[in-house]
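Worksheet: the structure to be examined is printed underneath.
Bear in mind these aren't lab numbers, they're just calculated from the coordinates by the rules spelled out. The model shown is predicted, which means the values in this text are computed figures rather than measured ones. Neighbour counts run over all protein chains shown; Cβ positions are idealised from the backbone, glycine included.
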Amino acid sequence: MATAAAHETARTQAYGTGDATDTTGTDAYETAFDAAVAADERIEPRDWMPDAYRSTLIRQIAQHAHSEIIGMQPEANWITRAPSLRRKAILMAKVQDEAGHGLYLYSAAETLGTSRDELLDKLHTGRQKYSSIFNYPTLTWADVGAIGWLVDGAAITNQVPLCRCSYGPYARAMVRICKEESFHQRQGYELLLALGRGTPEQHAMAQDAVDRWWWPSLMMFGPPDDESPHSAQSMAWKIKRHSNDELRQRFVDICVPQAESLGLTLPDPDLRWNEERGHHDFGVIDWAEFWDVLKGNGPCNEQRMTQRRRAHDEGAWVREAAAAYAAKHSGGRQTGETGETGATRA
Ligand code: BYC
């Protein structure tokens with residue numbers, strides 16, 4: 001690990017002129033970048049960074065942003081049928097939060113030199129992914145609870161370490177997202193607790209939802225470490241702080257006592273405490289199903305993408321109106337024709 005003083009010298013040499021786009025002296029830039037990562041400092045948008053670091057971040061942040069906005073669909077499915085005004089208000093707030101997370105994340109990706117239009121185009125044309133989890137259907141009201149408890153719980157486990165990601169804008173966006181996800185997780189837990197303590201039918205509905213969401217939630221952490229092409233480099237760059245399998249294990253260990261408190265069982269006959277490892281052993285994940293869902297063959301892939309493209313097309317007038325409004329109020333400071341202001345992309 002570089003000392004802080006060595007890093008400071010390298011950084012001054014590289015960035016001293018303030019012109020990080022200068023292509024001469026790339027070695028010094030690279031040294032400064034490596035030193036900053038080694039010293040656990042944040043890389044900021046104007047800092048020099050390797051092209052592959054930039055493209056890895058764009059890939060991951062875009063996939064994350066897409067997951068947030070596609071993730072609104074399965075839950076929004078239940079807003080009109082929430083069983084009480086209180087539950088409806090909570091669910092609406094949660095779904096709205098997910099839209100907000102998408103906005104923070106698209107903004108973080110834009111600091112890397114891409115645009116939201118470009119990223120959405122890649123999503124709509126299948127060139128970028130979103131999380132596999134949102135290709136499963138929400139069949140009953142209990143699914144809202146299972147998503148909150150398991151899906152948001154998995155998201156928190158994965159995302160808390162991202163608050164320490166080496167790229168500043170992503171790390172900072174994650175702080176607020178994790179706080180909100182924490183609220184989401186608790187509402188799901190509380191919802192399942194109410195159902196679990198309710199009538200036998202309500203308990204059975206909660207159990208059925210957990211049975212269907214458990215394995216897909218474990219898949220959210222990505223493929224096993226030995227089949228994860230990006231993990232090693234992303235961890236070396238401190239984008240990812242833990243491997244997929246480490247986080248998956250952490251999640252299983254968290255969920256087991258919570259399931260007991262809920263009075264629900266996790267659908268895995270191989271799940272048991274391993275004294276030697278200090279962790280729970282768990283059964284084999286169906287990776288063929290995971291890769292199949294990624295290829296577009298999950299139960300809801302087509303429905304999610306059709307709905308996303310339709311929402312985008314139907315929102316065109318909002319984007320146009322916002323662009324016209326921004327142009328009108330820019331007082332000649334911008335032409336408005338590219339639509340490249342925050343206000344133009346509502
Ligand atoms: N689904 O080398 P790997 C949420 C892809 S929660 C789909 O391990 P990486 C929310 C991966 O992209 C969900 N694709 O990749 C919660 C790569 O494909 P490409 C979103 C997956 O990036 C509640 C290939 O498989 N969270 O937002 O090092 C309500 C090889 O994988 C999945 C995030 O995105 C998957 N489950 O690690 C609403 C968190 N897993 O790109 C919303 C940030 C892997 O080469 N992301 N792939 O074509 C991450 O932490 C990492 O990107 C991952 C994957 C751990 C997911």
Top of Met235, Met220, Met174 by mean-square fluctuation, Gaussian network on the chain, Cα under 10 Å: Met235
Provide the gained length on full extension for the span Met235 to Arg127, in nm with one decimal, where the gain is 0.36 nm per separating residue minus the Cα-Cα distance. 36.5 nm
Helix-only CD estimate at 222 nm, as mean residue ellipticity for the chain, using -39500 (n - 2.57) per DSSP H run (n ≥ 4): -19000 deg cm²/dmol
Running a GNM on the chain with Cα contacts under 10 Å, which residue among Ala89, Ala209, Ala232 ends up with the highest mean-square fluctuation? Ala89
With a Förster distance of 25 angstrom and the Cβ-Cβ distance between Ala93 and Ala204, calculated FRET efficiency to the nearest 0.05 equals 0.35
Based on the alpha-carbon set only, what is the convex hull volume of the chain divided per residue, in Å³? 162 Å³
Tally Lys and Arg at +1 and Asp and Glu at -1 over the other residues with C-beta under 11 Å from the C-beta of Glu75: what net charge comes out? -3
Order of Lys129, Lys179 - criterion: other Cβ atoms within 10 Å of each residue's Cβ, fewest first: Lys179, Lys129
Stretched fully, the stretch from Ala39 through Lys179 gains (0.36 nm per residue minus C-alpha distance, one decimal, in nm) 47.8 nm
What dipole magnitude, in Debye to the nearest 20, does the chain give about its Cα centre under +1 on Lys/Arg Cβ and -1 on Asp/Glu Cβ? 1240 debye
If I build a Gaussian network model for the chain, linking alpha-carbon pairs within less than 10 angstrom, which residue out of Ala62, Ala82, Ala206 has the largest mean-square fluctuation? Ala82
When Leu103, Leu91 are arranged by how many other beta-carbons sit within 10 Å of their Cβ, fewest first, they go Leu103, Leu91
Near Gly278, within a Cβ-to-Cβ distance under 14 Å, what is the net charge of the other residues, with Lys and Arg +1 and Asp and Glu -1? -2
From the residues Gln207, Gly222, Gln307, which one has its Cα farthest along the dipole of the chain in the positive direction, the dipole being from +1 and -1 charges on Cβ of Lys/Arg and Asp/Glu about the Cα centre? Gln307
Evaluated at 10 °C and 1.306 mPa s, the Stokes-Einstein D of the stretch 61-101 based on the Kirkwood radius over Cα pairs, in µm²/s, stands at 152 µm²/s
So, with points 7 Å from each Cα along the Cβ direction, the Trp291-Glu320 label distance in nm works out to 4.5 nm
Just want the answer: with Cβ charges of +1 for Lys and Arg and -1 for Asp and Glu, which residue in Ile177, Gly100, Ile285 is farthest toward the dipole's positive end in the chain? Gly100
